[in-house]
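In what follows, a single structure is set out as structure tokens and then discussed.
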Amino acid sequence: MPETTYIEAITQAMAEEMARDERVFLIGEDVGVYGGAFKTSYGLIDKFGPERVIDTPISEIAIIGAASGAAIMGMRPIAEMQFIDFITCGYDMLVNFAAVNRYLFGRACPMVVRGPAGGGTHGGPYHSLNPEAMFMNRPGLKIVAPATAYDAKGLLKAAVRDDDPVLYIEHKYLYRRIKEDLPAEDYIVPLGKAAVRRKGKDLTIITWGAMLYVALDAANELAADGVDAEVIDLRSIIPFDEEAILESVAKTNRVIILHEAPLTGGAGAEFAARIAEKAFDYLDAPIKRVAALDVPTPYSPPLEAFALPDKAKVLKAARELLAY
Amino acid sequence: MVETYGLTRDQLLDIEYYLRLTRSLEERVVALFRQAKVIGGLYRSLGQEGESVAAAYALDYKQGDVVQPLIRNVGAILVAGAKPVDILRQYMAKGNSPTRGRELNIHFGNPQTDGFIGQISMLGDMIPVMAGITLAGRMQKKNLVGLAFIGDGGSSTGAFWEGMNFASVQRLPLVVIIEDNGYAYSTPTWKQSAARTLADKAYAFGCTGETVDGNDVLAVYDATKRAVERARSGGGVTLLEVKTFRMKGHAEHDNQAYVPKELIEQWREKDPVVRFERMLIENGFATQEDITAIEQRVKREIDIATDEADASPMPTPSDAALGLFDGDGYWNA
Ligand SMILES: Cc1ncc(C[n+]2csc(CCOP(=O)(O)OP(=O)(O)O)c2C)c(N)n1
């Protein structure tokens with residue numbers, strides 16, 4: 001389908017999955033008549049009716065809890081957080097109920113929790129969250145974070161079809177800023193598989209979500225200096241593509257992990273540890289992490305820009321690595 | 001003649017069987033606990049067997065109804081069909097327990113196949129889950145009803161409020177029983193809520209509220225049955241408060257020194273099982289011999305279940321790594 005935006009890709013994925021499987025339904029705040037705060041579910045209520053596009057009270061515990069209850073009854077709910085930040089209000093339902101169904105009770109809980117995440121939109125501390133790290137240490141949830149329209153659609157379809165709960169982190173900065181031609185036919189992007197977005201041999205940048213574009217910008221600038229950077233878009237954070245990471249590190253011997261969430265305790269720490277454990281002998285320099293400052297994302301544009309990672313920070317890290 | 005709300009003599013004796021099964025099974029668990037065969041904690045339902053059994057008896061499991069017990073509602077899952085041997089295996093952390101040694105006590109059950117779903121420990125969380133279960137039932141055109149238990153303490157949580165509110169807005173076929181059993185751990189109900197009665201919380205949700213004597217088996221059955229019929233016929237959520245008493249401490253380690261002795265004595269007089277049996281005999285539904293026969297049957301069944309559970313293997317340690325996600329086949333084996 002020509003020129004599909006990232007947000008349209010999400011809408012299409014939901015519409016197609018709901019048409020394909022009547023067990024799939026959408027539940028969240030203002031998702032029905034209004035079509036979602038960002039219009040992500042625009043038109044779905046007309047196609048599928050209010051029984052399958054359910055407007056709820058402002059009630060994240062109820063949304064995630066009811067979705068979980070329906071999922072263990074054999075339905076396949078998609079629960080929307082109006083902003084992913086509010087997932088903390090329903091955190092307990094997700095990590096202590098949804099995520100543990102299979103391991104503790106042998107029950108399948110096929111559901112997706114999705115919502116707009118990320119900064120760069122001057123949303124301030126309560127509308128800019130990158131939540132992956134706080135779910136990585138609670139086993140039982142899969143976590144994906146698409147960076148392209150193609151992946152936004154394919155990963156969401158895969159998440160809906162998966163038999164375990166999936167946290168689908170969509171980056172709202174990308175909603176209407178990127179678009180591409182999508183295949184007309186049905187496709188999925190398998191969970192757990194990274195994509196090499198730029199091949200290179202001198203250093204590896206591992207990233208996901210909107211930071212992919214920062215990484216690619218930095219790689220282009222490095223290319224002008226004759227440095228050939230490889231860029232890996234992780235796409236899935238749990239499970240993550242360890243093979244792709246290690247393969248790239250074995251080739252380039254230098255690695256930067258770039259993410260938009262704060263540095264300390266961020267997902268990058270886990271990937272760095274994995275590389276140190278499993279590819280130490282391949283490293284020619286210390287592993288670098290480029291991430292947000294350890295602060296709540298501030299609102300004012302100059303503050304926000306300072307706090308979040310950008311091309312300059314990636315370039316600085318890259319040059320330090322190359323000079324090591 | 002006492003009003004039995006349509007319950008036949010056979011059904012009354014069936015209820016008596018479950019009351020005795022509950023009480024005796026728990027006494028057995030206490031014995032096993034003292035022999036250090038119970039690995040985790042032990043939370044007694046003494047004094048609450050009546051409401052647990054009576055409420056669960058008002059459901060129709062053939063229609064797909066689902067009951068969600070709390071720790072003190074072992075009687076409810078027995079009515080729904082849980083097997084004593086499985087409950088004992090859970091307590092003893094056996095490898096062939098329903099959760100294969102991964103979770104404790106009566107935290108188990110699949111709402112699609114078992115007619116019950118055990119709680120998770122986070123109090124209040126099961127109310128939104130039960131909203132989802134009944135929502136799914138409606139979407140699947142199953143006409144099932146959900147019955148959820150919540151404590152006086154648990155009804156103070158945000159999850160309880162969100163679940164009740166959502167279920168009420170959706171007019172889901174859900175019956176929620178608040179057990180006012182006097183205490184939440186050491187905290188008396190009056191420190192839990194300033195509401196006049198816990199059933200008054202129904203006003204905020206716009207659902208039906210009712211209070212009933214939780215130690216009167218027939219009254220609980222009647223009130224639950226009416227609530228279940230209301231739910232099944234589209235009348236929405238009922239919040240049913242049962243007034244009862246927790247006769248033991250919060251768990252085995254707790255000697256409930258904070259509970260006035262007189263209060264315990266007062267409630268001992270109202271024991272729901274003794275009271276039900278007196279009713280059976282006074283109204284000619286059963287003789288003392290009938291009751292003794294039921295007690296003997298229960299003892300035999302529990303003896304067999306205990307031997308079976310005791311002989312069950314502990315889990316294989318390395319199994320701890322399996323079964324987190326679909327795909328490794330652990331749960332299919
Ligand atoms: C959210 C939450 N907070 C605290 C606890 C610890 N806790 C377990 S049982 C209990 C008391 C429960 O009281 P109530 O809900 O009235 O049920 P009862 O034990 O009286 O049956 C507490 C505080 C918990 N399980 N969940």
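The values are calculated or read from the model by the stated rules, or taken from the named source; none is laboratory data. Please read all numbers here as calculations on a predicted model, not as lab measurements. For neighbour counting, all protein chains shown are included, and Cβ atoms are generated from backbone atoms with ideal geometry for every residue, glycine included. When the accessible area is computed, the model is the full protein with side chains, heavy atoms only, and any ligands, DNA or RNA have been set aside. Shrake-Rupley method; radii C 1.70, N 1.55, O 1.52, S 1.80 Å.
Starting from the amide H of A:GLN82, placed 1.01 Å from N in the peptide plane, find each other amide H under 5 Å away whose residue is 5 or more places distant or on another chain.
It is A:GLU29, by chain and number.
Please report the relative contact order for chain A, taking Cα pairs under 8 Å with a sequence separation of at least 6, and give it as a percent rounded to a whole number. Before the final figure, lay out the partial values.
Working: 717 pairs, mean separation 52.2, N = 324.
Computed over chain A, the figure is 16 percent.
Could you look at the stretch B:9-313 and say what percent of its accessible area is carbon and sulfur, using a 1.4 Å probe and all protein chains?
Working: 5710 of 11380 Å².
On the stretch B:9-313, the fraction of accessible area on carbon and sulfur atoms equals 50 percent.
Between A and B, buried accessible area summed over both sides at probe 1.4 Å, in Å² to the nearest 100? List each step's numbers first, then the result.
Details: alone 13450 and 14900 Å², together 25160 Å².
Buried surface at the A/B interface: approximately 3200 Å².
Kindly give the semi-axes, whole Å and largest first, of the ellipsoid equivalent to the stretch B:196-333, taking each as the square root of 5 times a Cα gyration tensor eigenvalue.
For the stretch B:196-333, the semi-axes come out at 35, 28, 21 Å.
Between A:LEU293, A:LEU141, A:LEU303, which gets the highest mean-square fluctuation from a Gaussian network model of chain A, Cα cutoff 10 Å?
Largest GNM mean-square fluctuation: A:LEU303.
Can you list residues whose amide H is under 5 Å from A:ARG198's amide H, if they're 5+ apart or on another chain and H is modeled 1.01 Å from N?
Under 5 Å from the amide H of A:ARG198: A:VAL231.
For the stretch A:3-181, max minus min Cα coordinate along each principal axis, in Å, sorted largest first?
44, 35, 30
With the contact rule set at Cα under 8 Å and sequence spacing of 6 or more, what percent relative contact order holds for the stretch A:195-323? Mind dumping the intermediate values first?
Values: 218 pairs, mean separation 34.3, N = 129.
That works out to 27 percent.
How large is ³J(HN,Hα) for each residue in the stretch A:125-134, as worked out from phi by the Karplus curve 6.51 cos²θ - 1.76 cosθ + 1.60 (θ = phi - 60°), to whole Hz, x for Gly and Pro?
Karplus values, whole Hz, x for Gly and Pro: x, 9, 9, 9, 5, 10, x, 4, 5, 6.
State the antiparallel share, in %, of DSSP beta bridges confined to the protein assembly as shown, rounding to the nearest 5.
Details: 9 of 63 bridges.
Once the DSSP bridges in the protein assembly as shown are tallied, antiparallel ones form about 15 percent.
Can you figure out the FRET efficiency of A:PHE280 with B:ASP200, using R₀ = 56 Å and their beta-carbon distance, to the nearest 0.05?
On the way: r = 64 Å, r/R0 = 1.14.
Between A:PHE280 and B:ASP200 the formula returns 0.30.
In the stretch A:195-323, with Lys and Arg counted as +1 and Asp and Glu as -1 at Cβ, which of these residues, A:TYR213, A:ALA224, A:PHE280, has the Cα nearest the positive end of the dipole, that is, farthest along it?
After comparing all options, I get A:ALA224.
At 0.36 nm per residue, and after removing the present C-alpha to C-alpha distance, how many nm does the segment from B:GLU210 to B:TYR185 gain when stretched out fully?
Details: separation 25, 0.36 × 25 = 9.00 nm, distance 2.45 nm.
Here the segment from B:GLU210 to B:TYR185 would lengthen by 6.6 nm.
Write down Rg/Rh for chain A, rounded to two decimals, with Rg from the C-alpha atoms and Rh from the Kirkwood relation over Cα pairs.
Details: Rg = 19.4 Å, Rh = 19.9 Å.
On the Cα set of chain A, Rg over Rh gives 0.97.
For the stretch B:1-134, what class follows from the C-alpha gyration tensor (a ≥ b ≥ c being the square roots of its eigenvalues): rounded when a/c is under 1.5, otherwise prolate if a/b is larger than b/c, else oblate? Write out the running numbers ahead of the final one.
Numbers: a/c = 1.95, a/b = 1.26, b/c = 1.55.
Oblate is the answer for the stretch B:1-134, as a/c is 1.5 or above yet b/c matches or exceeds a/b.
Amide H neighbours of A:ARG289 under 5 Å, at least 5 residues apart or on other chains, H built in the peptide plane: list them.
Amide H neighbours of A:ARG289, under 5 Å, 5+ apart: A:ILE257.
Between the stretch A:142-175 and the stretch B:154-180, how far is it from one alpha carbon centroid to the other, in angstrom?
Each part reduced to its Cα centre gives a spacing of 32 Å.
What do you get for the angle between helix A:60-72 and the principal long axis of chain A? Use alpha-carbon atoms, 0 to 90 degrees, nearest ten.
With rounding to tens, the tilt is 80 degrees.
Ordered by residue, what ³J(HN,Hα) values in Hz, to whole numbers, does the stretch B:68-83 give under the Karplus form 6.51 cos²θ - 1.76 cosθ + 1.60, where θ = phi - 60° and Gly and Pro are x?
Taking θ as phi minus 60°, the curve returns 10, x, 9, 4, 9, 10, 4, x, 5, 6, 5, 4, 6, x, 5, 8 Hz for the stretch B:68-83.
Note down the accessible area of B:ASP213, probe 1.4 Å, to the nearest 10 Å².
Using a 1.4 Å probe on the heavy atoms, I get roughly 60 Å².
Would you mind counting up the charge near A:PRO57? Only other residues with Cβ under 9 Å from its Cβ, with Lys and Arg at +1 and Asp and Glu at -1.
On the way: positive: none; negative: A:GLU29, A:ASP55, B:GLU162.
Once positives and negatives cancel, what remains is -3.
In whole Å, what are the Cα extents of the stretch A:165-324 along the three principal axes, biggest one first?
Principal extents (Cα only, largest first): 43, 40, 34 Å.
Return one whole number: the accessible area per residue of the protein assembly as shown in Å², for a 1.4 Å probe.
Numbers: 25160 Å² over 657 residues.
Spelled out: the 1.4 Å probe surface of the protein assembly as shown, per residue, equals 38 Å².
Report ³J(HN,Hα) in whole Hz for each residue of the stretch A:280-296, in order, from the Karplus equation J = 6.51 cos²θ - 1.76 cosθ + 1.60 where θ = phi - 60°; Gly and Pro get x.
Listing the rounded values in order: 3, 5, 8, 7, 9, 7, x, 6, 10, 10, 10, 8, 6, 4, 7, 9, x Hz.
Sticking with the crude label model, points 7 Å out along Cα→Cβ, report the distance from B:ARG300 to A:ALA184 in nm, one decimal please.
For B:ARG300 paired with A:ALA184, the spin-label model returns 7.3 nm.
Can you tell me the 0 to 90 degree angle between the C-alpha axis of helix A:211-224 and the longest principal axis of chain A, rounded to 10?
Helix A:211-224 sits at roughly 30 degrees to that axis.
Just to be sure I understand the curve: with the Debye formula and one point per C-alpha of the stretch B:69-160, what is log10 I(q)/I(0) at q = 0.11 Å⁻¹?
Cα-only, vacuum Debye calculation for the stretch B:69-160: -0.32.
Take A:TYR168, A:TYR324, B:TYR61, B:TYR91 and sort them by solvent-accessible surface of the protein heavy atoms, 1.4 Å probe, largest at the top. Walk me through the numbers on the way to the answer.
On the way: A:TYR168 0, A:TYR324 165, B:TYR61 60, B:TYR91 20 Å².
The most accessible residue leads, giving A:TYR324, B:TYR61, B:TYR91, A:TYR168.
Could you calculate the contour length gain from A:LYS47 to A:ASN220, that is, 0.36 nm times the residue separation minus the distance between their Cα atoms, to one decimal place in nm?
Details: separation 173, 0.36 × 173 = 62.28 nm, distance 4.36 nm.
Net length gain for the segment: 57.9 nm.
Restricting the calculation to Cα positions, tell me the Rg (one decimal) and the Dmax (whole number) of the stretch B:9-313 in Å.
18.3, 51
Rounded, prolate or oblate: which one fits the protein assembly as shown, using the alpha carbon gyration tensor with axes a ≥ b ≥ c (rounded when a/c is under 1.5, else prolate when a/b beats b/c, else oblate)?
Numbers: a/c = 2.50, a/b = 2.00, b/c = 1.25.
Prolate shape, in that a/c is at least 1.5 and a/b is the bigger ratio.
Name the residues of the stretch A:40-54 whose accessible area falls by at least 20 Å² when all protein chains are present instead of the chain alone, probe 1.4 Å?
When all protein chains are present, A:ILE54 each give up 20 Å² or more of accessible surface.
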